[in-house]
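Worksheet: the structure to be examined is printed underneath.
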Amino acid sequence: MSQSLRLPAVFADHMVLQRDKEVPIWGWAEPQQEVSLVFNGQTVTTRADAEGRWKAAFQSMPAGGPYELKVNSGNTDLKLVDVMVGEVWLCSGQSNMDMRLIKIWDDERIERDLQREGLRLFRVDRAIADEPQDDVDARWAECEPSEARMFSAVAYFMGAELQRELGVTVGLIHTAYGGTPAEAWTPLSRLSANPELSPIPERWEARIAKYKADLKAYESAVAAGDPQAKKPSEPPARYAPGGLFNAMVHPLIPYAVRGAVWYQGESNTWRAMQYEPLLGEMIHSWRDHWGQGSLPFGVVQLPNYEVPPRVPPGVYSWAELREAQLHVSQELDEVGLAVTIDIGDPTDIHPVDKEPIGKRLARWALSEAYGNDLIHSGPIYTGYEIVDDKVYLEFENIGSGLEARGGGPIKGFVIAGSDRKFRWAKAVVEGDRLVVSEAKVKTPLAVRYAWADNPYWANLINAEGLPASPFRTDDWEGITQDSR
C-alpha cells in the first residue's frame, strides 16, 4: 500500500529525546523506500519494509539543544524543530494521575508560579482499542499556562522538581484515564497466560456475552411491541482488559524514556490481594515491550480515604491494596514506592494535595534512577522479633532516625494475640527499632500499622519527614482473599 513519509505523533516539534541512551525513531514511508535521518551530527539510514514501516536509532548523546531532526525519503522531506535532549518520563494511571493542574492551582497561580523553562509536555488523549495501535492523538508542547493547566498535576510537580535538580530539559508523557483498572493497562495475552489473572479476561468475556444476549432479547421485545422493554447498559469499554494498553501505551513503544511512574489502584480495591500479581505482570510486560528489564518504575501508594474507624482496625480493602503495592516495590528491582498515607482526604477519592506526591516521586527518581545520595522513602518494615510480651520491628529507610510527626507518642499501631483481636498498642523507639506492646496481650502474634482505609492517626516518619508505609506482620486471610 502506497503511503508518504510519516512519523507518529510522539515525534514532533518541541519533543524531548532521552539523553545517554540509544534513541529509536520509527515511522512509515513508501514500501522498500530508503529513509535517511539527520540529527545532532548523526546520520542514519534504513529502509521501509514491504508494509512501509521503518525503524532506525541514533546513538546515545548528552543533554542539549535545541536541535533539528531532518527525515528524508524519496522526494519527501520532514523537519522537526526545537528538539531537546534531556530526561523523559512516562506518567500513567487513573484519575489521580489524570487530575489536571487547574484543579490544584487556579489560573492566576498557574500564570504566576508555573515553571515554564526546561519542561516539555505530551498529553495523550483518552482512547480504547481491541488491538494494539500504531499512533496516539497528542502533541508536544512547551510548558506554558495554556498547556500546563490541562496537564497531570502529579506529573508536572515531579517534572519541575527533576528539572530543578538535574538542570536539563525534562519531557513528560501523560497517558492516563480516570476510573480504569490496572488490567486495562496490561496486555491481554499476559493476563490470559497467568493463572492468577486469567479470571479477569474470562469475567469480561462473560460480561460481554451477557450484554449481547440481553441486547438481542431487548431488540426482540421491541419488535414485538413490548412497551416495558428496557435496553441493557453496555459494559464500559475502558474496563476492557488490555484496551488502554493497546490504545495509550503500545503506540509509544519503544520511545526512549528514563522510567515510568504509576498512580492507580482505586478501581482494583475490591480485588486488592489480586493486585500484587496484576501490578507485577503489568510492570514486567511494559519492561519487556520497551526491551528494558530494569526500567525504573515508581508507584504511588494509595492515600488515606473514607471515614476513620473508631475502634482498633481489622481488615480493609484499601489497606490490602496498599500492601500489594508495597510488596511489588519490595519484590521487583528498580520499583519505588511513594507513600501518601498522610495526604489523603476522607471525603474525596481525589485529594488535591498533589505537590508532595510529585516531589516524593522525584525524590525516589533522583535516588534510584540518577544515583543521588539521599533518603528517598519513609520507613519500610522489613521484619520482626517477638521477645516475651513485646514485638521488635525492624525497618529500612529510617534515615536519621524514627520519630512521630509533630512530636509526641507514635500512633497507629495495633497488636493481637491468639484470639486475633486487635488492640491499640504502645510503640516506642529503641535505637533503629520500634518496640510494640500492650499490657493485655501477653503473647503477641501480630502487629499492624496504619491498617485501615483511613488511618488518620498514623504518624510514624523518619527524621527526613517521610511517612512510613502501612504494613502488617501477619499473613491472616483478608477480605479480598478470594476476589478474582
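The values are calculated or read from the model by the stated rules, or taken from the named source; none is laboratory data. As the structure is a computational prediction, the values presented were derived from the model and not from experiment. Methodologically, a virtual Cβ is constructed for each residue, glycine included, from the backbone with ideal geometry; neighbour enumeration extends over all protein chains shown. Areas reflect the complete protein model, heavy atoms only, side chains present, ligands, DNA and RNA absent. Shrake-Rupley method; radii C 1.70, N 1.55, O 1.52, S 1.80 Å.
Only one entry of 203, 238, 207 meets the criterion of being in a helix (DSSP H, G or I), open to solvent by 50 Å² or more (accessible area, probe 1.4 Å) and in contact with a Pro (Cβ under 6 Å, 6 or more places away or on another chain), and that entry is 207. Checking each residue in the range 307-338 for being touching a Gly at 6+ places or on another chain (Cβ under 9 Å), open to solvent by 10 Å² or more (accessible area, probe 1.4 Å) and outside any helix (DSSP H, G or I) picks out 315, 316, 332, 333, 334, 335, 337. Scanning the range 429-448 for residues that are surrounded by 13 or more Cβ atoms within 10 Å (Cβ to Cβ), free of Cβ contacts under 8 Å to residues at least 60 places away in the same chain and assigned to a strand (DSSP E or B) yields a total of 7.
The number of residues in the range 1-28 being within 16 Å of residue 82 (Cβ to Cβ) and among the aromatic types (Phe, Trp, Tyr) comes to 1.
Here's the yes/no breakdown for (1) closer than 30 Å to residue 19 by Cα; (2) at pLDDT 95 or above; (3) assigned to a loop (DSSP other than H, G, I, E, B); (4) among the aliphatic types (A, V, I, L, M):
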{"position": "383", "(1), (2), (3), (4)": "no, yes, no, no"}
{"position": "394", "(1), (2), (3), (4)": "no, yes, no, no"}
{"position": "398", "(1), (2), (3), (4)": "no, yes, yes, yes"}
{"position": "403", "(1), (2), (3), (4)": "no, yes, no, no"}
{"position": "406", "(1), (2), (3), (4)": "no, no, yes, no"}
{"position": "427", "(1), (2), (3), (4)": "no, yes, no, yes"}
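Kindly check whether there is at least one residue in the range 272-289 that is of a type in the set (A, V, I, L, M, F, W, C), in a loop (DSSP other than H, G, I, E, B) and under 12 Å from the mean Cα position of the chain (by Cα). No, the range 272-289 has no match at all. If you take the residues of the range 276-306 that are open to solvent by 10 Å² or more (accessible area, probe 1.4 Å) and of a type in the set (Ser, Thr, Tyr), which of them is nearest to residue 242 (Cα to Cα)? If we take residues in the range 276-306 being open to solvent by 10 Å² or more (accessible area, probe 1.4 Å) and of a type in the set (Ser, Thr, Tyr), then 294 is nearest to residue 242 (Cα to Cα).
Considering only residues in the range 402-428 that are of a type in the set (Phe, Trp, Tyr) and in contact (Cβ under 8 Å) with a residue 60 or more places away in the chain, the one that is surrounded by the most Cβ atoms within 10 Å (Cβ to Cβ) turns out to be 422. Out of 477, 464, I need the residue that is in contact with a Ser or Thr (Cβ under 7 Å, 6 or more places away or on another chain), charged (D, E, K, R), more than 18 Å from residue 300 (Cα to Cα) and not in a strand (DSSP E or B). Which one? Checking each option against the conditions leaves just 464. Across the range 351-381, the number of residues qualifying as assigned to a loop (DSSP other than H, G, I, E, B), buried (at least 18 other Cβ atoms within 10 Å of the Cβ) and β-branched (Val, Ile, Thr) comes to 0. Within the range 217-234, residues that are within 24 Å of residue 207 (Cα to Cα) reach partners that are open to solvent by 100 Å² or more (accessible area, probe 1.4 Å) with beta carbons closer than 6 Å, at six or more positions or on different chains, in the pairs 218/231. Of the numbered criteria (1) crowded, with 23+ Cβ neighbours inside 10 Å; (2) within 21 Å of the chain's Cα centre (by Cα), the one residue 391 fails is (2). Take the conditions (1) under 25 Å from the mean Cα position of the chain (by Cα); (2) among the aromatic types (Phe, Trp, Tyr); (3) more than 30 Å from residue 145 (Cβ to Cβ); residue 54 misses just one of them, which is (1).
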